[in-house]
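Report on the structure given below.
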Amino acid sequence: MCTVCGCSGDDSKIDTGHPHDHANDHGHAHAAADGHGHHHDHAHDGDVLDYGAGPARAHAPGLSQARMVEIERGILSKNDGFAATNRARLKQAGVLALNMLAGPGAGKTTLLVETLRRLGQQVQAAVIEGDQQTSNDAERIRATGAPAIQVNTGKGCHLDAHMVGHAMAHLPLVAGSLLFIENVGNLVCPAAFDLGEHLRVTLLSVTEGEDKPLKYPDIFQNADLVVLTKTDLLPHLDVDIALLEANVARVAPTARILHVSTRSGAGMEAWIDWLRTRRSTLLADLAAAAEAHAAALRAAE
Ligand code: MG
């Protein structure tokens with residue numbers, strides 16, 4: 001994950017002194033210095049150099065696998081603490097939070113804008129927009145009348161729970177409302193970071209090709225819902241939609257799949273229904289928990 005690109009925090013850019021580990025039991029890992037004086041920590045399998053086969057599932061020059069695992073655990077445990085705080089605040093507020101994940105250009109903001117229009121006054125919603133730079137997307141959201149806060153991550157390639165906690169403080173967390181968190185456009189790093197959300201929605205536009213779930217499985221694996229977007233373009237593409245769905249199902253067998261075109265409106269109703277159902281389920285769960293708590297208090301009296 002982001003030990004590779006060094007975007008995960010101050011302590012991610014460190015330490016070049018550790019001995020290299022190698023990697024693993026798939027294929028065989030090299031320990032010998034090569035002609036450039038480097039050590040190898042990848043696996044060979046025919047024509048594939050697999051840098052993801054070791055315990056860290058990644059490679060960074062100068063960092064051992066063990067050190068990378070240690071850094072990742074440190075970053076993610078801090079993140080998990082902030083995520084737990086966010087989750088508790090959302091529960092207390094009675095807000096359903098959705099982490100929206102996709103590569104750049106899959107149509108996350110466009111889907112949100114259309115969603116907010118359709119929800120209208122019936123269901124309130126707020127949006128956290130994650131991008132490396134610009135406030136373009138938050139402005140597009142605010143134009144619908146919904147509150148939005150932009151988080152610019154600079155060189156960072158994902159939102160983390162700490163950023164989201166700060167952003168939540170700038171938004172109205174109204175009971176029964178939805179909080180959409182549009183992550184930075186990236187099919188890789190955002191997958192590793194729990195933001196405290198209730199649900200993960202991964203978008204993939206049909207223009208991106210059938211094989212993306214297999215190439216970038218992490219972003220699909222924990223998705224509650226996979227939305228295949230821009231389906232109005234299918235007649236103009238060679239993409240095999242049945243194969244794309246089968247590939248999603250291979251990496252995310254329990255995820256529901258929806259086909260949506262914001263342009264034609266196809267699938268929008270099913271998406272809005274899914275949102276409404278999940279919101280109702282959360283509110284019913286919270287009401288049941290509150291009733292159980294009250295009953296426990298009465299019993300203790
Ligand atoms: Mg966007």
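The values are calculated or read from the model by the stated rules, or taken from the named source; none is laboratory data. Nothing here was measured: the structure is a model prediction, and the numbers come from that model. Cβ sites come from the backbone with ideal geometry, for glycine too, and all protein chains shown count toward neighbours. These accessible areas exclude ligands, DNA and RNA; they are computed on the full protein's heavy atoms, side chains included. Shrake-Rupley method; radii C 1.70, N 1.55, O 1.52, S 1.80 Å.
When segment 275-295 is filtered for residues that are more than 17 Å from V95 (Cβ to Cβ) and not aliphatic (A, V, I, L, M), the ones remaining, listed by number, are E291, H293. Among the numbered conditions (1) β-branched (V, I, T); (2) exposed (fewer than 12 other Cβ atoms within 10 Å of the Cβ); (3) within 23 Å of L119 (Cα to Cα), the only one that I272 does not meet is (2).
Number of residues in segment 39-58 that are charged (D, E, K, R), part of a strand (DSSP E or B) and within 22 Å of E72 (Cα to Cα) equals 1. Counted as qualifying within segment 198-301 are the helices (runs of 4 or more DSSP H) with 1 or more residues that are closer than 28 Å to Q121 by Cα, namely 268-300. For segment 210-223, check the following and say yes or no: at least one residue is open to solvent by 60 Å² or more (accessible area, probe 1.4 Å) and farther than 29 Å from N79 by Cα. Scanning segment 210-223 turns up no residue that is open to solvent by 60 Å² or more (accessible area, probe 1.4 Å) and farther than 29 Å from N79 by Cα. Filter segment 107-161 down to residues that are touching a Ser or Thr at 6+ places or on another chain (Cβ under 7 Å) and open to solvent by 70 Å² or more (accessible area, probe 1.4 Å) and give me whichever is nearest to the ligand (Cβ to nearest atom). In this case the residue turns out to be R140.
Only one of the numbered conditions (1) touching a Lys or Arg at 6+ places or on another chain (Cβ under 6 Å); (2) closer than 30 Å to A289 by Cβ is violated by A102, and that is (2).
Yes or no, residue by residue, for (1) within 20 Å of D232 (Cβ to Cβ); (2) under 17 Å from the mean Cα position of the chain (by Cα):
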| site | (1), (2) |
| --- | --- |
| A93 | no, no |
| L101 | no, yes |
| G105 | yes, yes |
| T109 | yes, yes |
| L112 | yes, yes |
| R118 | yes, no |
| A125 | no, no |
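Residue pairs whose Cβ atoms lie under 9 Å apart, sitting 6 or more positions apart in sequence or on different chains, and linking a residue in segment 168-196 that is in contact (Cβ under 8 Å) with a residue 40 or more places away in the chain and open to solvent by 10 Å² or more (accessible area, probe 1.4 Å) to a partner that is within 16 Å of the ligand (Cβ to nearest atom) and among the basic types (K, R), are G185/K108.
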